[in-house]
Amino acid sequence: MEFLDIGDVSDRTGMRPSTLRYYEEIGLISSVFRHGLRRQFPAEVLLRLKLIAMGKSAGFSLDEIAGILGKDGAPELPRAVLHQRADDLDRQISELVALRDTLRHVADCPAPTHMQCPTFRRLVDVAGRRAGGRIRSRGREKTVG
């Protein structure tokens, strides 16, 4: 079995040793022994760290990731939760695409002012509805619509 010291794991993953020590402290990964003062990890830790990074990118908290990865190292993938997160990401992507398109339009709009541009006003209206119709007014949130 191949073992990697904490420096090797850090080099291969781009994660700081302090992050790896924290992940070990909270039980996301575990070293198998120490060589001098340096923690030694099984090579499989690289896959586990990739799963952790993917979970973080998908918006899962470290506690949620710990639950998904399980204590014995075998992932326990809750399919319904993963489907829900994928749906959330689809919504976020849609909102980000609309925001990007609005910014591009604002940057390129030939109207004398943006408030005179019907396309800009329509995009702002759509963005307001996507935000749930909530706007802030003098520190208070109120629903419009």
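FYI, it's all coordinate maths here, none of it is from the lab. Being a predicted model, the structure only gives us computed values, none of them experimental. Cβ placement follows ideal geometry from the backbone for every residue including glycine, while neighbour counts extend to all protein chains displayed.
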What are the radius of gyration and Dmax of the chain, computed over its Cα atoms and given in Å? 23.2, 70
Can you tell me the orientation of helix 79-108 relative to the chain, as the angle in degrees between its alpha-carbon axis and the longest Cα principal axis, to the nearest 10? 50 degrees
How much mean residue ellipticity at 222 nm does the chain get from its helices, if each DSSP H run of length 4 or more adds -39500 (n - 2.57) and you divide by all residues, to the nearest 500 deg cm²/dmol? -18000 deg cm²/dmol
Taking Cα atoms only, helix 45-57 is inclined relative to the longest principal axis of the chain by an angle, in degrees rounded to 10, of 20 degrees
So how much slack lies between Leu82 and His114, counting 0.36 nm per residue of separation and subtracting their Cα-Cα distance, in nm? 7.5 nm
For the pair Ala58/Val97, report the inter-label distance in nm, with labels modelled 7 Å from Cα in the Cβ direction. 2.1 nm
The answer for the net charge of residues other than Asp8 whose Cβ lies under 11 angstrom from its Cβ, with Lys and Arg +1 and Asp and Glu -1, is 0
Return one number: the angle in degrees, 0 to 90 and rounded to the nearest 10, between the long axis of the Cα atoms of helix 118-130 and the longest principal axis of the Cα atoms of the chain. 50 degrees
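Averaging sequence separations of C-alpha pairs under 8 Å and six or more residues apart, then dividing by the length of the chain, give the relative contact order as a whole percent.
Computed value for the chain: 13 percent relative contact order.
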If each residue of separation counts as 0.36 nm, what is the full-extension length gain between Arg12 and Val126 once their alpha-carbon separation is subtracted? 36.6 nm
Would you mind telling me which residue in Gly67, Gly14, Gly27 has the biggest mean-square fluctuation in a Gaussian network model of the chain, where springs connect alpha carbons within a distance under 10 angstrom? Gly14
